[in-house]
Structures are given as structure tokens and as C-alpha cells.
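Trainee: Below are the C-alpha cells for one structure; questions will follow.
The values are calculated or read from the model by the stated rules, or taken from the named source; none is laboratory data. Just so we're clear, the structure is a prediction, and the values are computed from it rather than from any experiment. Every residue, glycine as well, gets a Cβ built from its backbone with ideal geometry; the counts of neighbours run over all protein chains shown.
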Amino acid sequence: MKSLRNLVVYRGIIKNDIIKKYIEISEGLPCPEAQEKYCEFQNMLLEYYSGYAEEDLWKKYLHQVTCEDENSFSDLCENRICIWDGLYELVVNDMNILLENANFNFNEFEQKIHMQGVTLNSVIKKKSEYWKDGAVSTAEYFKNFYTENGTGIFQSSHVFKITDNGNIKVVANYDKIQFKDLIGYERQIKALKENTELLLRGQRSNNVLLYGDRGTGKSSSVKALLNEYKDMGLRVIEMKKNQFRVFPAIIDAVRNKKHKFIVFIDDLSFEEHETEYKILKAVLEGSFESKPDNLLIYVTSNRRHLIKEKFSERDADIHGNETVSEKLSLFDRFGITIYYNQPNDDLYNNMVKTMAKKTKIDMPEEELMKLANEWKIAKASKSGRSARQLIDKLVKK
């Protein structure tokens, strides 16, 4: 059996930690070192799949990293560019190697290293659906897969975040809120949906600033966008303002991808001493490197002008007007600004009644409205968020 080290086009997968551990054990280690490494390998698979072990996790994992691998073949397939014969021959050769290793005989291996007791291999109940065909058929399968689904991490999920070291990580569990759950902001939602649909159609669209009172549904509207359009190729990447330094890397990662991306920055504002807004300004408009057509930036904030300004600044700065103009220019670089105002009493009461009906709270309307009035006074807020908090409290009783 050829080692995965012999891969050419798919050589990138051997940098993966689980693949590295597999290569160690598959190439032969003396006992008891082999037993220890094998246990580590099994544990890494179990941790990755959160303890789920009914099917062949090794075949499943190798299939997944092959789907996510970004290489010359997968990139050409994603962009529907013709594959030259020499590259295809290399891919078929790689598929032979991958098929052999996908079907690695763990039973024989366990006997060889004198492994005793229950192992991951011994508790498998379902046969894997992966790696059944020959090398040419498998190459065709992945060619079609990349063309249809894209490649890399973005084909495997819908929501992502930036880690502390600047990498992109999948968010497995995200809010499933839908537009029907948002009450009273039809005009704002219509504008947001129209702009996002332009992005999905590959037409000119705008970066968006959603601003207004707290708890009015700004963040929920962006989350609902994802759930509305994720099956049409929409992806959301969450970013914090202290991560703006990685914007160039994010732009490189999504450029030429088939999916459409929203970089979502929630609850953004800057104090007068913070200068990260200059990076955001350059990305929005002003950098020599153009922002890719498949990416937009959606920002929510309680402030219309994102940067806190003091009158003292105008007095202290000789060119005060220039300082003010620089800060206000950030707001100007959003093509669309959408205001979310605090609901009036009638809308707030309608929110409470609608949410109560959906959650099947059995209570006289007069009593419910009395509680809603007391709640908004106690919270000093009447918003969709405070209405939801009231309903959640009533449900728990």
C-alpha cells in the first residue's frame, strides 16, 4: 500500500493532524508505541465527531478532508475550467492512493500490534458509503462534487467565525431565527433582502449599516438572512473589530469562490482613541486591492455615526473640520443604511401577543397586556428583545 506521503495534487491533506497520526501508525511502529499512537488516533477521530462512532469514522474523515482540500484540481472544478489531461492523470493516481488508505485494514493492524479490548474499529455498526468505486470513478465523483458544491471549508457549513490566531472556523450551532419571527420591521427587512438577493444573483450590491435602538432586531435580521438564503449559496463570516487586521486574509480566502459571503460585524462602535475604523474604511472603499464581488460587509450598531466624537476634539484640533470629516466618512462608505427604531406601544403589544400565541401561552389578553406594560417599565425598554424576554419568562413558569 502506498503511503499518503506519495500524494501529489492532494498533498495538502498530509498537514492535517489526524492524517499525520494515521500516517504514523500505517507506516509501522514498534509495540507498545504503536498501541499508544493508535489510541491517540482513535481519540482524535472521536473528539472531532463529538463521540459519534456508529460508522467508519476514518473513511468518513478522509472523505471530508478530500472534499475540503483546496488544490489546483478542486479550484479549476469549482470555477468550471477545463482540466488538462496531465493534471487529471495525477488526480487519478492520487485517488488510487486515497482509496487504498481509506480501506486500510484496521483488523489486521490491531492483531499485528497485539491490541486488546474494545477499539473504535470493533464498535462500528454501519458500513461506510464512501470510497467504494475505482480511482477513475472517484476522480469523476470529486470533479462533480467541487463543481456543484465548491471546495474548501465553505462547502461544509454556512456560518463561520475568526479565531484568535486569524483562522476561519466553522460555527456548527447557530441561531435558526426566521423573518416570520421578526414583527413590525417589514420595510427594513425588504431593503435588506433586496440587497442580499442582488449579491446572490451576482449583480451590484451594497455594504449595509443597520443602526438604531437596542433590541430592535438588527442582528436577528442578518441571522434570518442566512436561514433564508443559505441553500442559495449564502455564507456568513462573523468578525469582531479587534480582528480587522485579518481582513486581507479573509478577502483572499473568499475571492473566486462560488459562494456569496457576508462579513457580519455586530454591535460596532469606536471610542475616540480607537483607530481600527481606518482599516474598515479602507476595506469598504479606498484600498488599492478591490473587494471581491462575492463579498459584502453588514454592520449593526446602536450609533448612526460609529465613531464617538467630542466637542472638545473640534476645539483642540487646529483642523477640526478635517477630523470630523474623517470620522463621518466611515458612515458615508456604506451604500445602504437602515434605521431600526424602537416600536410604539401598539407594535410592542402586538409583538407580545404574537409571540405568546406562537408559544401557546394560555392567558387572558388583559392580563398579558398588564404584564407587558409592567415589563417594559421595569426594563426601561420596549423592543422585540424585551418582548421575547417576557415570553421566555412566562414559558418557564
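Trainee: Using beta carbons and a limit of 8 Å, which pairs, at least six apart or on different chains, have the first residue in region 192-221 and more than 11 Å from residue 301 (Cβ to Cβ) and the second one of a type in the set (Asp, Glu) and assigned to a helix (DSSP H, G or I)?
Mentor: Listed pairs, sorted by first residue: 193/228; 220/181.
Trainee: Here is a follow-up. Name the residue that is modelled with the highest pLDDT, counting only residues in region 351-397 that are closer than 17 Å to residue 184 by Cβ and not in a helix (DSSP H, G or I).
Mentor: Looking at residues that are closer than 17 Å to residue 184 by Cβ and not in a helix (DSSP H, G or I), I get 383.
Trainee: Looking at residue 77 and the list (1) among the hydrophobic types (A, V, I, L, M, F, W, C); (2) surrounded by fewer than 17 Cβ atoms within 10 Å (Cβ to Cβ); (3) assigned to a helix (DSSP H, G or I), which single condition is not satisfied?
Mentor: If we test residue 77 against (1) among the hydrophobic types (A, V, I, L, M, F, W, C); (2) surrounded by fewer than 17 Cβ atoms within 10 Å (Cβ to Cβ); (3) assigned to a helix (DSSP H, G or I), just (2) comes out false.
Trainee: So, residue 91, is that one of a type in the set (Val, Ile, Thr) and more than 30 Å from the chain's Cα centre (by Cα) or not? Spell out how you get there, then give the answer.
Mentor: Details: of a type in the set (Val, Ile, Thr): yes; more than 30 Å from the chain's Cα centre (by Cα): no.
No.
Trainee: Let me ask something else. Tell me which residues, restricted to region 41-97, are out of contact with any helix residue (DSSP H, G or I) (no Cβ under 6 Å at 6 or more places or on another chain) and of a type in the set (Gly, Ala, Ser).
Mentor: 50, 51, 72, 86
Trainee: Give me the residue from region 31-48 that is part of a helix (DSSP H, G or I), hydrophobic (A, V, I, L, M, F, W, C) and in contact (Cβ under 8 Å) with a residue 12 or more places away in the chain and, out of that set, surrounded by the fewest Cβ atoms within 10 Å (Cβ to Cβ). Spell out the reasoning first.
Mentor: Taking region 31-48 as the starting set, the residues that turn out to be part of a helix (DSSP H, G or I) are 33-48.
Subsequent filtering for residues that are hydrophobic (A, V, I, L, M, F, W, C) retains 34, 39, 41, 44-46.
Those still in the list that are in contact (Cβ under 8 Å) with a residue 12 or more places away in the chain too: 34, 41, 44-46.
On the way: 34: 19, 41: 22, 44: 17, 45: 20, 46: 14.
Step by step, filter region 31-48, then rank; the result is 46.
Trainee: Follow-up question, since we're still on this one. Just to check your reading of the model, which residue among 89, 110, 129 is free of Cβ contacts under 8 Å to residues at least 24 places away in the same chain and outside any loop (DSSP other than H, G, I, E, B)? So that I can check it myself, show each step before the final result.
Mentor: Values: 110 fails: free of Cβ contacts under 8 Å to residues at least 24 places away in the same chain; 129 fails: outside any loop (DSSP other than H, G, I, E, B).
Going through 89, 110, 129 in turn, just one is free of Cβ contacts under 8 Å to residues at least 24 places away in the same chain and outside any loop (DSSP other than H, G, I, E, B): 89.
Trainee: A follow-up question, please. Looking at region 160-210, which of the residues that are assigned to a loop (DSSP other than H, G, I, E, B) and charged (D, E, K, R) is surrounded by the most Cβ atoms within 10 Å (Cβ to Cβ)? Don't jump to the end; show me each part of the working.
Mentor: Looking only at region 160-210, we keep the residues that are assigned to a loop (DSSP other than H, G, I, E, B), and these are 163-167, 171-178, 182-185, 201-207.
Filter once more, keeping what is charged (D, E, K, R): 164, 175-176, 201, 204.
Numbers: 164: 7, 175: 14, 176: 10, 201: 11, 204: 9.
Only one residue tops the list, namely 175.
Trainee: Tell me, yes or no, whether region 336-348 has at least one residue that is touching a helix residue (DSSP H, G or I) at 6+ places or on another chain (Cβ under 8 Å), modelled with pLDDT under 75 and more than 18 Å from residue 182 (Cα to Cα).
Mentor: Residues of region 336-348 that are touching a helix residue (DSSP H, G or I) at 6+ places or on another chain (Cβ under 8 Å), as a first pass: 336-340, 343, 348.
Applying the additional criterion that residues be modelled with pLDDT under 75 yields none.
Scanning region 336-348, I find no residue that is touching a helix residue (DSSP H, G or I) at 6+ places or on another chain (Cβ under 8 Å), modelled with pLDDT under 75 and more than 18 Å from residue 182 (Cα to Cα), so the answer is no.
Trainee: Counting only residues that are polar (S, T, N, Q) and at pLDDT 90 or above, which one in region 140-156 is farthest from residue 9 (Cα to Cα)? Full working, then the answer.
Mentor: So the first thing to find is which residues in region 140-156 are polar (S, T, N, Q), and the list is 144, 147, 149, 151, 155-156.
Retained after the next criterion (residues that are at pLDDT 90 or above): 144, 147, 149.
Values: 144: 17, 147: 17, 149: 19 Å.
That would be 149.
Trainee: Check whether at least one residue in region 379-388 is among the aliphatic types (A, V, I, L, M) and farther than 26 Å from residue 213 by Cα, and report yes or no. It would help to see each step written out before you state the result.
Mentor: Step one: list which residues in region 379-388 are among the aliphatic types (A, V, I, L, M), which gives 380, 387.
Checking the rest, the ones that are also farther than 26 Å from residue 213 by Cα come to none.
No, there is no match, as no residue in region 379-388 is among the aliphatic types (A, V, I, L, M) and farther than 26 Å from residue 213 by Cα.
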